[in-house]
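Each remark here refers to the structure printed beneath this line.
The values are calculated or read from the model by the stated rules, or taken from the named source; none is laboratory data. Computed from a predicted model, the values in this text were never measured in an experiment. Ideal geometry is used to build each Cβ from the backbone, glycine not excepted, and the neighbour counts take in all protein chains shown. Calculation scope for accessible area: heavy atoms of the full protein, side chains included, ligands and nucleic acids excluded. Shrake-Rupley method; radii C 1.70, N 1.55, O 1.52, S 1.80 Å.
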Amino acid sequence: MKKLAVISLLLASCASYSFNVVADMHSELLDIQHQWVTVNYELTDKAQQKGFEQLVTEITQFQQTYSDKAEGYIWLGIIKSSYAGAKGGLGALGLAKEAKSALEKALLLDATALDGSAYTSLGTLYSKVPGWPIGFGDDEKAAELLSTAIKINSKGIDPNYFYGQYLYDEKKYSDAKIYLEIANQAPPRAERPLADQYRHQEIDQLLVKVNKKLKKK
């Protein structure tokens, strides 16, 4: 009986420790996500560059602390790809390649983590980065990855927005409108209201462009 009691106590302690680790990870990641919104949408020029540099440091530390979790690699990829987009030009290609590597690692660890966000982010990278011989861009690969993201999170705001953006770039305006409207109807993310607010602004801006293209047909 004593052995059983000891085993039960150990199991309870392990469960408590596991819960605390998950709670800590979630809280730390949410803080980084909130910082990303500010840097990505509200800062510009040198202030934005400095903000992204600080975020890269923070998310790298987070990823190293939770090295067996896909979430850290996903957000390492998101932040580096966002930084690359803000930086622009050939100087951003190195950041894009690092983002790609992080997102591929996330897929190996847990492809469905954060509702398949690694597929969304990686697909967007493939659609935005120049193709060979400059970069690794590939429209077919982008479509494959973004379609997979939709299958995992069919009503999510991000996969539908980015797939709609991809379809717009491919001049498939009617299809783009379908996914952008789904994105606009996505369930709100209770812990990330500001991110949703800015994403809806992007959706509305792209829908205006889509509707203009459709009127010309």
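Structure notes:
- Surrounding net charge for Met25, when Lys and Arg each add one and Asp and Glu each subtract one, Cβ distance under 10 Å: -2
- For Rg/Rh (Cα atoms, Kirkwood Rh), calculated from these coordinates, the label among (1) 0.93; (2) 1.00; (3) 1.05: (3)
- Surface analysis of the range 78-146 yields an accessible area of 47 Å² per residue, using protein heavy atoms and a 1.4 Å probe.
- Charge dipole (the range 167-217, unit charges on Cβ, about Cα centre) - positive-most of Tyr179, His200, Leu214: Leu214
- 3J(HN,Hα) from dihedral phi, the range 158-167, Karplus parametrisation 6.51/-1.76/1.60, rounded to Hz, x for glycine, proline: 6, x, 6, 5, 5, 5, x, 5, 4, 5
- Ordering 33-40, 124-131, 108-115 by mean Cβ neighbour count within 10 Å, with the highest value first, yields 124-131, 33-40, 108-115.
- For the range 53-64, the Karplus equation 6.51 cos²θ - 1.76 cosθ + 1.60, evaluated at θ = phi - 60°, returns couplings of 4, 5, 5, 4, 4, 5, 6, 5, 5, 4, 4, 6 Hz by residue, with Gly and Pro reported as x.
- Theoretical ellipticity at 222 nm over the chain - DSSP helices of four or more residues, -39500 (n - 2.57) apiece, nearest 500: -27000 deg cm²/dmol
- Relative contact order, percent, the chain [alpha-carbon distance under 8 Å, six or more residues apart]: 12
- For the peptides 72-84, 55-67, the ranking by mean Cβ contacts within 10 Å, running from highest to lowest, is 72-84, 55-67.
- Database remark: amide H of Gly137 closer than 5 angstrom to the amide H of Gly131, Trp132 (H placed geometrically; neighbours at sequence offset of 5 or more, or on other chains; Pro and chain starts carry no H).
- On Cα atoms only, tilt of 93-110 relative to the major axis of the chain in degrees: 50
- Estimated dipole of the range 47-167 in Debye, rounded to 20 [Cβ of Lys and Arg +1, of Asp and Glu -1, Cα centre]: 220
- Accessible area per residue for the range 147-217 is 59 Å², calculated with a 1.4 Å probe on protein heavy atoms, without ligands, DNA or RNA.
- For the chain, size of Cβ-based charge dipole, Lys and Arg +1, Asp and Glu -1, in debye: 560
- Total formal charge among the other residues, if their Cβ is under 13 angstrom from that of Leu95, Lys/Arg +1 and Asp/Glu -1: +3
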